[in-house]
Amino acid sequence: MKKTIPLIFLLALTLNCLAQKKQMSKAFYQHDFDKALLLADEILKENPKDIDANLGAAKSWNGKIEYANAIPYLTIILENANEDWQFAWANIEMMKALYGLGQLQKAGEYYAKAKACEGTASSGKELKYYALLFGFDEYYSNWKTVESENIIFHFQDTSDTKRIQFTVKSRQEAFEKTTAYFGSTLPKKVDFFVWNTRQNYNEILKLNLGFSNSNYCVSHNRTGQSPGHELAHVISFWTNKDKKINHFINEGIAVCFDWNNNDKMAQAREAYKQSNFDLVKCWKGEAKYDNGILYPIAGAFIEYLKQIDNQKLLALNNDQSYENARLIYSDMLDIIIEQFYIKLRE
Ligand SMILES: [Zn+2]
C-alpha cells in the first residue's frame, strides 16, 4: 500500500502538468500569448527544462513580437532536447526570432539546421512557409538582391537593370517620406520581394500578392504595384506594435501613402458610383466590399482625415477602431463623415 501513494501522487502531478500544457497550447492558438506565457512559467517553475513549456514560451514571445525574449527558452531546448522533432521546432523558432531581430545570417544558419531535421508534417509546413516568406527557400537562389539604406530588395527578374534601379530609388524615397510622417522606428531593414508577375495569386507562396508581414518587416509585391502601399503597412505598424488594426483604416493608410501620383478622391468617386458603400458599416466590419471598392474609398477617406489634422490621424493609426475615432474626433466625427460623403457624391 505504501508504494501506491507516491505513484498516485506522481500520476496526479503528471495529469495536472498535461492539463496545463493543453491550456497553454489552447491559449497560444487563440493568440492569448500573455496567458500562454503565464501557464508556461508555471510548468517551468516545477521543471525548468520541460521542452513543451520552453517551446510554448518561445513561440508566445515570438507571437508577441518580442523576439529577444524567445531566445533563452530556445537555447534551453537546444541544450536539452533528445528528439528530432524538438530540435526541428526549436531551430524554426530560433530562425524566426533572429530574423525578426534583423540577424539574417544567423537566422539563415538556423534555417539550415531546421532543414537538416526530419521534423514532423506540421514543422515541415511551418518551415516551408517561413523560408518562402523570409527568402531562405532554395526557390530564391537565382534572385538578385540589392540593398538600399532601409530596404533589402529581392528581384525575381534580374535582367532589367533600369527597372531595378528605378524600383530601388522610388521605394527608398517612399520609405523615407512615409517614415518621416509616422515617425516610426523599424527593428530591421524591410525585405522587399518583387515577383515578376502582375497576377494576384501566387502559386509558390499560395497567397495573393502583394502583402506584407509587418511583424517581420517583409513585403511581397507584384510587378507594377505602387511605390509605397506595402511599405506603408510595415511603417505605420511600427509606431506601436501592440496597436488595434482595422481593415478599412489600415488599407486606407496604405492607399493614402502609396505615393502614386493620382487623384485619390476622383478614384474614390468612381468606386462609390459602382457601390452602395456604407462607410461606418465597413469600418465596424458589419459590411464587406470588394477591394476594388474598399481600397480607393478608404484611401481618400484617410487623405481627407490627414488634411483635417495630422496628430489625430496618427492617434487613429495606433488604435484604428471606430470607437477610438469617436474618442479622437468626438462629435466632429459625424460631420467629417457627412462632409466626406458630400465629396464622394460631387
Ligand atoms: Zn494593403
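Here are the numbers for this structure:
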{"item": "Some residue of segment 159-173 being part of a loop (DSSP other than H, G, I, E, B) and either out of contact with any Pro (no Cβ under 6 Å at 6 or more places or on another chain) or in the same structural domain as L316 (by TED's automatic domain parsing) (or both)", "result": "yes"}
{"item": "Matching option when the condition is more than 19 Å from the chain's Cα centre (by Cα) and outside any helix (DSSP H, G or I), among K281, K288", "result": "K288"}
{"item": "Residue list for segment 160-177, restricted to those being more than 18 Å from V218 (Cβ to Cβ), out of contact with any strand residue (DSSP E or B) (no Cβ under 9 Å at 6 or more places or on another chain) and not aromatic (F, W, Y)", "result": "D160, T161, K162, K169, S170, E173, E176, K177"}
{"item": "Residue match in segment 143-165 (condition: surrounded by fewer than 21 Cβ atoms within 10 Å (Cβ to Cβ), within 16 Å of the ligand (Cβ to nearest atom) and small (G, A, S))", "result": "no"}
{"item": "The one condition in (1) assigned by TED's automatic domain parsing to the domain that holds L101; (2) crowded, with 17+ Cβ neighbours inside 10 Å that K128 fails to fulfil", "result": "(2)"}
{"item": "Enumeration of residues in segment 188-205 that are at pLDDT below 95 and touching a helix residue (DSSP H, G or I) at 6+ places or on another chain (Cβ under 9 Å)", "result": "I204, L205"}
{"item": "Sole residue being of a type in the set (A, V, I, L, M, F, W, C) and under 27 Å from the mean Cα position of the chain (by Cα), chosen from I328, I337, I342, I308", "result": "I328"}
{"item": "Residue within segment 56-66 that is farther than 26 Å from W238 by Cα and in contact with an Asp or Glu (Cβ under 9 Å, 6 or more places away or on another chain) present", "result": "no"}
{"item": "Lone unmet requirement of (1) modelled with pLDDT of 95 or more; (2) of a type in the set (S, T, N, Q); (3) not in a helix (DSSP H, G or I) for Q267", "result": "(3)"}
{"item": "Search result, residues across segment 206-224 that are at pLDDT 90 or above and either buried (at least 20 other Cβ atoms within 10 Å of the Cβ) or more than 14 Å from the ligand (Cβ to nearest atom) (or both)", "result": "S212, S214, N215, Y216, C217, V218, S219, H220, N221"}
{"item": "Filtered residue count, segment 225-241, keeping only those that are in contact with a Ser or Thr (Cβ under 7 Å, 6 or more places away or on another chain) and more than 14 Å from the ligand (Cβ to nearest atom)", "result": "2"}
{"item": "Filtered residues of segment 36-89 (kept if of a type in the set (V, I, T) and in a helix (DSSP H, G or I))", "result": "I43, I51, I71, T75, I76, I77"}
{"item": "Residues (more than 12 Å from the ligand (Cβ to nearest atom) and touching a helix residue (DSSP H, G or I) at 6+ places or on another chain (Cβ under 8 Å)) located in segment 242-259", "result": "K243, K244, N246, W259"}
{"item": "Every pair of residues 6+ apart whose Cβ atoms lie under 7 Å, when the first sits in segment 104-125 and is free of Cβ contacts under 8 Å to residues at least 40 places away in the same chain while the second is surrounded by 15 or more Cβ atoms within 10 Å (Cβ to Cβ) and part of a loop (DSSP other than H, G, I, E, B)", "result": "G108/F136; Y111/F136"}
{"item": "Candidate set from segment 288-308 (those that are without any contact (Cβ under 8 Å) to a residue 24 or more places away in the chain and surrounded by 15 or more Cβ atoms within 10 Å (Cβ to Cβ)); member that is farthest from A174 (Cα to Cα)", "result": "Y289"}
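Table: residues versus (1) out of contact with any Gly (no Cβ under 6 Å at 6 or more places or on another chain); (2) among the hydrophobic types (A, V, I, L, M, F, W, C); (3) within 16 Å of the ligand (Cβ to nearest atom).
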residue: K273; (1), (2), (3): yes, no, no
residue: G285; (1), (2), (3): yes, no, no
residue: D290; (1), (2), (3): yes, no, yes
residue: I297; (1), (2), (3): yes, yes, yes
residue: N310; (1), (2), (3): yes, no, no
residue: A315; (1), (2), (3): yes, yes, no
residue: M332; (1), (2), (3): yes, yes, no
residue: K343; (1), (2), (3): yes, no, no
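The values are calculated or read from the model by the stated rules, or taken from the named source; none is laboratory data. Remember, it's a predicted structure, so these values are computed and weren't measured experimentally. Heads up, the Cβs are rebuilt from the backbone with ideal geometry, glycines too, and the neighbour counts pull from every protein chain shown.
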